[in-house]
1. Enumerate the pairs (first residue in region 43-66 and within 26 Å of Tyr21 (Cβ to Cβ); second residue anywhere and assigned to a helix (DSSP H, G or I) and of a type outside the set (Ser, Thr, Tyr)) with beta-carbon separation below 6 Å, excluding pairs fewer than 6 apart on the same chain, so at least 6 apart or on different chains.
2. What number of residues within region 6-29 are of a type in the set (Phe, Trp, Tyr) and either open to solvent by less than 50 Å² (accessible area, probe 1.4 Å) or under 24 Å from Ile65 (Cα atoms) (or both)?
3. Mind listing whichever residues of region 5-31 are in contact with a helix residue (DSSP H, G or I) (Cβ under 7 Å, 6 or more places away or on another chain) and small (Gly, Ala, Ser)?
4. Among the numbered criteria (1) within 15 Å of the chain's Cα centre (by Cα); (2) assigned to a helix (DSSP H, G or I), which single criterion is violated by Asp19?
Amino acid sequence: MDLKHVSWHFENTCQKFPDRYAQLFNPKLYNDDNHGKFTWSQLRDRVELISCALLSYGVTTADLIGIMS
């Protein structure tokens, strides 16, 4: 059985459904961040920004991190 990593599934979904909503949330709880909606394309961009920031801080693949959101 060929099991794919979660990042593969995330990227695959982003490519298949870039304009569909990936997240819907109460914008009042998050300073009206993106009006409470993220498409898969927007979510991918946000993930990319966070991952680049972590890399710039020196985080490597062997490091364990926690993200509180």
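1. Arg44/Cys14
2. Qualifying residue count, region 6-29: 2.
3. Ala22
4. (2)
Conditions tested, residue by residue: (1) under 14 Å from the mean Cα position of the chain (by Cα); (2) of a type outside the set (Phe, Trp, Tyr); (3) surrounded by 14 or more Cβ atoms within 10 Å (Cβ to Cβ); (4) over 23 Å from Thr13 (Cβ atoms).
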position	(1), (2), (3), (4)
Asn31	no, yes, no, yes
Phe38	yes, no, yes, no
Gln42	yes, yes, yes, no
Asp45	yes, yes, no, no
Glu48	yes, yes, no, no
Ser51	yes, yes, no, no
Leu55	no, yes, no, no
Gly58	no, yes, no, yes
Asp63	no, yes, no, yes
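The values are calculated or read from the model by the stated rules, or taken from the named source; none is laboratory data. Being a predicted model, the structure only gives us computed values, none of them experimental. Please note: Cβ atoms are built from the backbone with ideal geometry, for glycine as well, and neighbour counts cover all protein chains shown. Remember, those area values only see protein heavy atoms, side chains included, never the ligands or the DNA or RNA. Shrake-Rupley method; radii C 1.70, N 1.55, O 1.52, S 1.80 Å.
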